[in-house]
């Protein structure tokens, strides 16, 4: 993985090969877990980074639930390598991984991601079929059991924000739900998207403030400050509903409802006004700056057990 | 492969809530096949929308009629996709 090109976009097969290689290089630190299978039969893989112990408290990071947000998956690859490089070298990060496991799902929507490479670069949803409709796919970030069916998601299968017929109807979502509930000790959950440069916390489906809003807001402020310090990229932060719009059935509203206090979602950079078509030259700067924000959240999680 | 020749991405600036509502009306017109990259949320936040070539005139006329300002964020989506693809195959060749 030292010669892997982190500054270009890769296909699903290449990313899965990268994951295998990383596991082979660091068998004491990294394992690959299959948490499910997609609608089209692809495996859903998560990398587990652990320095030992059983059922340690853990931090979850997922990238690329919306398949066309390529810089997100590319950043996930970079994070995976960074974790193996910095463990034992960077004291602050080493302390995190000595106390907690990290689960990293690099390609959260494998069917959609493969489809963006082969057929339609602009695809964002899953690839599941809805009975009675010719339209394909569900927005997996509207399919969670948190305010499901409320305003901020569509009931129309042809819409880009189609919520699905029922919560967890998408195996990409159900697999995470099953994993998180059976693990039972996840303390931070960070879901990464692009673009529009935001760091958000619950809620999305209601304007009621989250019970931990003050702490989450302070932490988001610190994380954004760390991110901005590297390349000057400006991020806004706040609750989903206050900062962008009402979004029901979203990932972090569900994780927060499960008692995972440090639930955040990122929207990575769009410097250069290219949207989902961010030039590959920006992958590494994007990943580098995001890593600083992730470190801030992970460090806070370790230092504030609950 | 889906072709995006002539698709443009417009960055729309809605000055007030009434203009946001007007842009939302566009969202409901399915025949235009608009793809909102950033949804119409509230005044002051940019709205980015990919407009297929056949809908460009209608969308721009709608925005101009309602005095909603916009700029072309991406002139031709396909040319950026071609660039992206070319770069990926160059990297793959370099590696092999």
Looking at the range B:60-85 only, could you name the residues that are assigned to a helix (DSSP H, G or I), away from chain A (no Cβ under 11 Å) and exposed (fewer than 15 other Cβ atoms within 10 Å of the Cβ)? B:61, B:64, B:65
Do you know which of the residues in the range B:25-53 that are under 13 Å from the mean Cα position of the chain (by Cα) and part of a helix (DSSP H, G or I) is surrounded by the most Cβ atoms within 10 Å (Cβ to Cβ)? B:26
Condition first: in contact with a helix residue (DSSP H, G or I) (Cβ under 6 Å, 6 or more places away or on another chain) and outside any helix (DSSP H, G or I). Can you find one or more residues in the range A:149-168 that meet it? yes
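So that you can scan it fast, the table gives a plain yes or no per residue for (1) part of a strand (DSSP E or B); (2) within 18 Å of the chain's Cα centre (by Cα):
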position	(1), (2)
A:209	no, no
A:223	no, yes
A:226	no, no
A:230	no, no
A:263	yes, yes
Report yes if residue A:129 is out of contact with any helix residue (DSSP H, G or I) (no Cβ under 8 Å at 6 or more places or on another chain) and either more than 13 Å from chain B (Cβ to nearest Cβ) or at pLDDT 95 or above (or both), otherwise no. yes
Can residue A:242 be described as within 14 Å of another protein chain (Cβ to nearest Cβ), surrounded by fewer than 23 Cβ atoms within 10 Å (Cβ to Cβ), over 19 Å from the mean Cα position of the chain (by Cα) and not in a loop (DSSP other than H, G, I, E, B)? yes
Among (1) within 10 Å of chain A (Cβ to nearest Cβ); (2) surrounded by 15 or more Cβ atoms within 10 Å (Cβ to Cβ); (3) out of contact with any helix residue (DSSP H, G or I) (no Cβ under 6 Å at 6 or more places or on another chain), which single condition is residue B:22 missing? (1)
If we scan the range B:44-53, do we find a residue that is modelled with pLDDT of 95 or more and at the interface with another protein chain (Cβ under 9 Å from one of its Cβ atoms)? yes
Would you check if residue B:57 is without any contact (Cβ under 8 Å) to a residue 60 or more places away in the chain, exposed (fewer than 14 other Cβ atoms within 10 Å of the Cβ) and part of a helix (DSSP H, G or I)? yes
When you look at residue B:29, is it in contact with a helix residue (DSSP H, G or I) (Cβ under 6 Å, 6 or more places away or on another chain) and without any contact (Cβ under 8 Å) to a residue 24 or more places away in the chain, yes or no? no
Checked A:176, A:192 against criteria (more than 13 Å from chain B (Cβ to nearest Cβ), under 30 Å from residue B:50 (Cα atoms) and not in a loop (DSSP other than H, G, I, E, B)); the one match is A:192
How many residues are surrounded by fewer than 21 Cβ atoms within 10 Å (Cβ to Cβ) and over 11 Å from residue A:196 (Cα atoms) if we restrict to the range A:262-277? 1
When the range A:245-270 is examined, which residues are found to be under 24 Å from residue A:81 (Cα atoms) and either out of contact with any strand residue (DSSP E or B) (no Cβ under 9 Å at 6 or more places or on another chain) or more than 14 Å from every other protein chain (Cβ to nearest Cβ) (or both)? A:262, A:263, A:264, A:265, A:266
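The values are calculated or read from the model by the stated rules, or taken from the named source; none is laboratory data. Every value quoted in this text rests on a predicted model; they were computed, and no experiment measured them. Heads up, the Cβs are rebuilt from the backbone with ideal geometry, glycines too, and the neighbour counts pull from every protein chain shown.
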